[in-house]
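**Student:** Got a structure here, written out as structure tokens. Questions coming.
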Amino acid sequence: MEIYLDNSATTRAYPEVARLVTKLMLEDYGNPSALHQKGIDAEQYLRQARETMARILKAQEKEIYFTSGGTESNNWALVGTALGMQRKGKHIVTTQIEHPAVQAPVTFLEEMGFTVTRLGVDREGMVDPDELEQAITPETILVSVMFVNNEIGTVEPIAELGERIKKKNPDTVFHVDAIQAFGKFRIHPSKMKIDLMSVSGHKFHGPKGIGMLYVREKTKIRPLILGGGQQNGMRSGTDNVPGAAGMALAAEMVYGKLDEYRAHMYRIRERLTDGLKKMENVTIHGKSGEDGAPQIVNASFLGVRSEVLLHTLESEGIYVSAGSACSSHKRAGSPTLTAIGASKAERESSVRFSFCETTTEEEIDKTLEVLNRTVPMLRKFTRK
């Protein structure tokens, strides 16, 4: 029996998505820039995909740009905006718990001479709106805050933050990494005062290698990938038609049953956390109940290194993560767990469980049974 509880790292593509991607690779495989019928057919798929994503976000089609994934979207949002806005100022505000795909470009910009304020968070990973507002100055050109934290599932008050930012400095661009939020929450960027928003297809049963950047009309952002001028000259390169169409289909399927899927995942989350709370020396990080994201539970099993527990669970057919898939090789240095004040012992023993709508109660019960059986044994082994 395989139990996959690492859906925040990647999800299994819907069969319908896989079939559509295959069709577009084997049958309707034209280049959308070509003028013949094959190209026209491919362009139609691309147009439909853009229309679908725009409709879900209540955005304009011209505000949707396809990328190679969340990392590119984040890099383009940050570096492209910094380059486009640097004459107005060189101050950037972000948080201490951002994904590496935000942290790294922000550090790059800092090395280029931009000033960066990294806001702290409380024990549950929440940003203080007052602190954010106070950090914004007339020189602040960009604020970047993630919607859902990828390690502990904290949901930031994005709509309130957007209001505060625009009230303090209407020219400040607000970027939101929504990679763990899209497909779990209804997101309307315009209403939430979001100027730029990153999305990744493989986090909600779409293909890998495809993402999206929402760019609010009139936002000043420079293109980073130059070439043939595709996507209105903003993101050159042959369009990934199978990826874009597959991502749009996955988005349509997820949002078609969003309320049902969310309710199911919250039940699964509660079942797991209730079981973990009964275990000795287990600390659960982040918000509880429906104040947190429906798909993530992060827990520290004190006395057991996360990698050891991960492989023990794997031997039983249970797949989890030692935190973020993008930083799981350096657990003790997890910026999120460090920022919320987790101890070194907690950081070194943390494991992330992440679900999707097909995760079952039986799978959670089996996982808890294995944890209750193996964790005490691993602790005895560690002490010897």
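**Student:** Taking the residues in region 302-318 that are open to solvent by less than 10 Å² (accessible area, probe 1.4 Å) and not β-branched (Val, Ile, Thr) as candidates, determine which candidate is nearest to Val254 (Cα to Cα).
**Tutor:** Leu313
**Student:** I need every pair where a residue in region 48-71 that is at positive phi has its Cβ under 8 Å from the Cβ of a residue that is open to solvent by 70 Å² or more (accessible area, probe 1.4 Å), sequence separation at least 6 or different chains.
**Tutor:** Lys58/Lys191; Gly69/Lys208
**Student:** Let me ask another. Can you tell me which residue in region 14-29 is nearest to Gly243 (Cα to Cα), limited to those that are open to solvent by less than 70 Å² (accessible area, probe 1.4 Å) and in contact with a helix residue (DSSP H, G or I) (Cβ under 7 Å, 6 or more places away or on another chain)?
**Tutor:** Across region 14-29, the extreme among qualifying residues is Val21.
**Student:** Hey, among Ala250, Ala299, which residue is within 27 Å of Met126 (Cα to Cα), crowded, with 18+ Cβ neighbours inside 10 Å and among the small types (Gly, Ala, Ser)?
**Tutor:** Checking each option against the conditions leaves just Ala299.
**Student:** Further question on the same structure: Could you grab me the full set of residues in region 339-377 that are assigned to a helix (DSSP H, G or I), open to solvent by 50 Å² or more (accessible area, probe 1.4 Å) and either of a type outside the set (Gly, Ala, Ser) or in contact (Cβ under 8 Å) with a residue 60 or more places away in the chain (or both)?
**Tutor:** So the first thing to find is which residues in region 339-377 are assigned to a helix (DSSP H, G or I), and the list is 339, 344-348, 361-377.
In the following step, the residues that additionally are open to solvent by 50 Å² or more (accessible area, probe 1.4 Å) were identified as 344-345, 361-362, 365-366, 369, 372-373, 376-377.
Answer for region 339-377, where residues must be assigned to a helix (DSSP H, G or I), open to solvent by 50 Å² or more (accessible area, probe 1.4 Å) and either of a type outside the set (Gly, Ala, Ser) or in contact (Cβ under 8 Å) with a residue 60 or more places away in the chain (or both): Lys344, Glu361, Glu362, Asp365, Lys366, Glu369, Asn372, Arg373, Pro376, Met377.
Matching residues to (1) of a type in the set (Gly, Ala, Ser); (2) at pLDDT below 95; (3) touching a strand residue (DSSP E or B) at 6+ places or on another chain (Cβ under 7 Å):
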residue	(1), (2), (3)
Phe301	no, no, yes
Leu310	no, no, yes
Gly323	yes, yes, yes
Gly333	yes, yes, no
Val351	no, no, yes
Glu363	no, no, yes
Leu371	no, no, no
Val375	no, no, yes
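**Student:** Hey, another quick one. Suppose we filter region 75-95 for residues that are in a strand (DSSP E or B) and among the hydroxyl-bearing types (Ser, Thr, Tyr); how many remain?
**Tutor:** Of the residues in region 75-95, 2 are in a strand (DSSP E or B) and among the hydroxyl-bearing types (Ser, Thr, Tyr).
**Student:** Which pairs do you get when a residue that is over 19 Å from Val145 (Cα atoms), found in region 74-88, comes within reach of a residue that is at pLDDT 95 or above and of a type in the set (A, V, I, L, M), reach meaning Cβ atoms under 7 angstrom, with the pair 6+ apart or on two chains?
**Tutor:** That search, which allows pairs on different chains as well, returns Gly84/Ile221; Lys88/Ile141.
**Student:** OK, next. Of all residues in region 73-97, which are open to solvent by 10 Å² or more (accessible area, probe 1.4 Å), touching a strand residue (DSSP E or B) at 6+ places or on another chain (Cβ under 6 Å) and within 28 Å of Ile340 (Cβ to Cβ)?
**Tutor:** His91, Gln96
This table checks each residue for (1) more than 27 Å from Ala9 (Cα to Cα); (2) assigned to a helix (DSSP H, G or I).
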position: Tyr29; (1), (2): yes, no
position: Ala34; (1), (2): yes, no
position: Gly39; (1), (2): yes, yes
position: Ala42; (1), (2): yes, yes
position: Leu46; (1), (2): no, yes
position: Thr52; (1), (2): no, yes
position: Arg55; (1), (2): no, yes
position: Tyr65; (1), (2): no, no
position: Thr71; (1), (2): no, yes
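**Student:** Looking at region 109-188, what strands (runs of 3 or more DSSP E) fall wholly within it and have at least 3 residues that are within 19 Å of Lys90 (Cα to Cα) and open to solvent by 10 Å² or more (accessible area, probe 1.4 Å)?
**Tutor:** Where strands (runs of 3 or more DSSP E) fall fully within region 109-188 and carry at least 3 residues being within 19 Å of Lys90 (Cα to Cα) and open to solvent by 10 Å² or more (accessible area, probe 1.4 Å), they are 115-119.
**Student:** Give the residues of region 189-203 that are of a type in the set (A, V, I, L, M, F, W, C), more than 10 Å from the chain's Cα centre (by Cα) and open to solvent by less than 10 Å² (accessible area, probe 1.4 Å), sorted by residue number.
**Tutor:** Ile194, Leu196, Met197
**Student:** Might you check whether a residue that is part of a strand (DSSP E or B) and within 19 Å of the chain's Cα centre (by Cα) occurs anywhere in region 7-15?
**Tutor:** No, region 7-15 contains no residue that is part of a strand (DSSP E or B) and within 19 Å of the chain's Cα centre (by Cα).
Here is a yes/no grid of residues against (1) aliphatic (A, V, I, L, M); (2) at pLDDT 95 or above; (3) open to solvent by less than 60 Å² (accessible area, probe 1.4 Å):
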position	(1), (2), (3)
Val215	yes, yes, yes
Arg222	no, yes, no
Arg235	no, yes, yes
Asn240	no, yes, no
Leu276	yes, yes, yes
Gly289	no, no, yes
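**Student:** If the Cβ limit is 6 Å and pairs must be 6+ apart or interchain, which residue in region 91-111 that is closer than 16 Å to Asn150 by Cβ pairs with which residue that is open to solvent by 60 Å² or more (accessible area, probe 1.4 Å)?
**Tutor:** Thr94/Arg118; Gln96/Arg118; Pro100/Cys326; Ala101/Thr71
**Student:** Among the candidates Ser8, Ser33, which residue alone is touching a residue at least 40 places away in the same chain (Cβ under 8 Å) and either buried (at least 18 other Cβ atoms within 10 Å of the Cβ) or in contact with an Asp or Glu (Cβ under 7 Å, 6 or more places away or on another chain) (or both)?
**Tutor:** That would be Ser8, the only listed residue that is touching a residue at least 40 places away in the same chain (Cβ under 8 Å) and either buried (at least 18 other Cβ atoms within 10 Å of the Cβ) or in contact with an Asp or Glu (Cβ under 7 Å, 6 or more places away or on another chain) (or both).
The values are calculated or read from the model by the stated rules, or taken from the named source; none is laboratory data. This is a predicted model, so every value here is computed, not measured. Cβ sites come from the backbone with ideal geometry, for glycine too, and all protein chains shown count toward neighbours. In case anyone asks, the SASA skips ligands and DNA or RNA and just uses the protein heavy atoms, side chains included. Shrake-Rupley method; radii C 1.70, N 1.55, O 1.52, S 1.80 Å.
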